[in-house]
1. With a/c under 1.5 counting as rounded, go ahead and sort the chain into rounded, prolate or oblate using the C-alpha gyration tensor (a ≥ b ≥ c being the square roots of the eigenvalues; past the cut-off, prolate if a/b is larger than b/c, else oblate).
2. What full-extension length gain, to one decimal in nm, is calculated for D101 and T166 as 0.36 nm per residue of separation minus the Cα-Cα distance?
3. Grab the Cα-Cα distance for R224 and R302, subtract it from 0.36 nm times how many residues apart they are, and report the gain in nm with one decimal.
4. May I ask you to order 306-313, 165-172, 32-39, 104-111 by the average number of other C-beta atoms within 10 Å around their residues, highest value first?
5. Please figure out what share of the DSSP beta bridges in the chain is antiparallel and state it in percent, rounded to the nearest 5.
6. Looking only at segment 18-58, which residues have a backbone nitrogen under 20 Å from a spot 7 Å from the Cα of N83 in the C-beta direction?
7. Rounded to the nearest 10 degrees, what's the angle between the helix 29-65 long axis and the longest principal axis of the chain, both from Cα atoms, 0 to 90?
8. Once amide H atoms are placed 1.01 Å from N in the peptide plane, what residues at a sequence separation of 5 or more from K157, or on another chain, have their amide H within under 5 Å of its amide H?
Amino acid sequence: MQIPAERLRQITNRFAELEARMASGTLEGEEFVKASRDYAELEPVAKIATEVGAIREEIAGLEDMLADPEMKAMAQEELAELNAALPDKERALAIAMLPRDSADARPAMLEIRAGTGGDEAALFAGDLYRMYEKFAADMGWKVEPVSMSAADVGGFKEIVANVTGTGVFAKMKFESGVHRVQRVPVTESGGRIHTSAATVAVLPEPDEVDVHIDTNDLKIDIYRASGAGGQHVNTTDSAVRLTHLPTGLVVIQQDQRSQHKNRDKAMQVLRTRLYDLKRAEAHGEEAEARKAMVGSGDRSERIRTYNFPQGRVTDHRIGLTLHKLPEVLEGTGLPELIDALIAEDEAKRLASLDS
């Protein structure tokens, strides 16, 4: 995809203006925050645009040299190299210029729930959580559990965690869906392979200004917590249940000793889920288009199978199979899957622009 020269000039000029404003020292408060965000978003695009412009200028100069018999051979050799390099650079620029999901730079809320398969599903949910923990550590991100319901056999019936860092949602958003595991459970004496599943949801976390929650729209119940978690659980009225009346969303939080901490965490989860609803409504058409690319990320959609007997992981949306199951579960092999999904999404969005 060839970007017009005028568009290249617009990008580099806009970046130069932003650079000058940032260096002026006159920006303060929200104006500085906005300029910083715009600068960070435009910098990689402007860098590639400058490289593309430089290659085009060099090609034009070499083409002029073809008329000189003494310079022709050298010019032809350099032209061949530059003409071979230019399409890749132009493609990289086109990808960098694709409209970005406004939530890509945000932290995310990771929700993993055991699905079909009983105890084995809970164990698998624990495996997935540890996989994402290790991947996040390699990325330099921080994972902080918000709430969890541990299973008696190990693993989790459900776990919710915050993942914070640079570009979390952009990397994690295609992980939403049904993850299926095929293996012999530790409780299986006959050596039969069982199929179990867990659901993963990755939701972008909003700022407080993104989602306003009217307290009049909330029904707040305080009650005595129950279940595992230590002696304090059953001795204080610390559990919080929030019901958002307009949407019917319910959030229960009882992991903390403090009622106030449980309420704060419940509000955080509720705000994230409301933001997800808001995004889904605002991007209905975009969601349909994305579904045609690498899948919707809907939690009802089977996206990946982890097959232990064959040591393979298959992502069904793009038909990619890796015989690297241990590496994927250790987090080190996960980037290959995620990068392939991102590349497929970019390729199909580019194709849709060309058509």
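1. oblate
2. Numbers: separation 65, 0.36 × 65 = 23.40 nm, distance 1.45 nm.
Additional length available on full extension: 22.0 nm.
3. Values: separation 78, 0.36 × 78 = 28.08 nm, distance 3.71 nm.
Here the segment from R224 to R302 would lengthen by 24.4 nm.
4. Working: 306-313: 16.0, 165-172: 19.0, 32-39: 13.5, 104-111: 21.5.
Put in order of decreasing packing, that is 104-111, 165-172, 306-313, 32-39.
5. Details: 46 of 51 bridges.
That works out to approximately 90 percent antiparallel.
6. Inside the label zone: 52-58.
7. 40
8. So K157 has HN proximity to S149, A150, A151.
The values are calculated or read from the model by the stated rules, or taken from the named source; none is laboratory data. Just so it is clear, the structure is predicted and the values come from calculations on it, not from any experiment. Because the Cβ atoms are built from the backbone with ideal geometry, glycine has one as well, and the counts that use them run over all protein chains shown. In case anyone asks, the SASA skips ligands and DNA or RNA and just uses the protein heavy atoms, side chains included. Shrake-Rupley method; radii C 1.70, N 1.55, O 1.52, S 1.80 Å.
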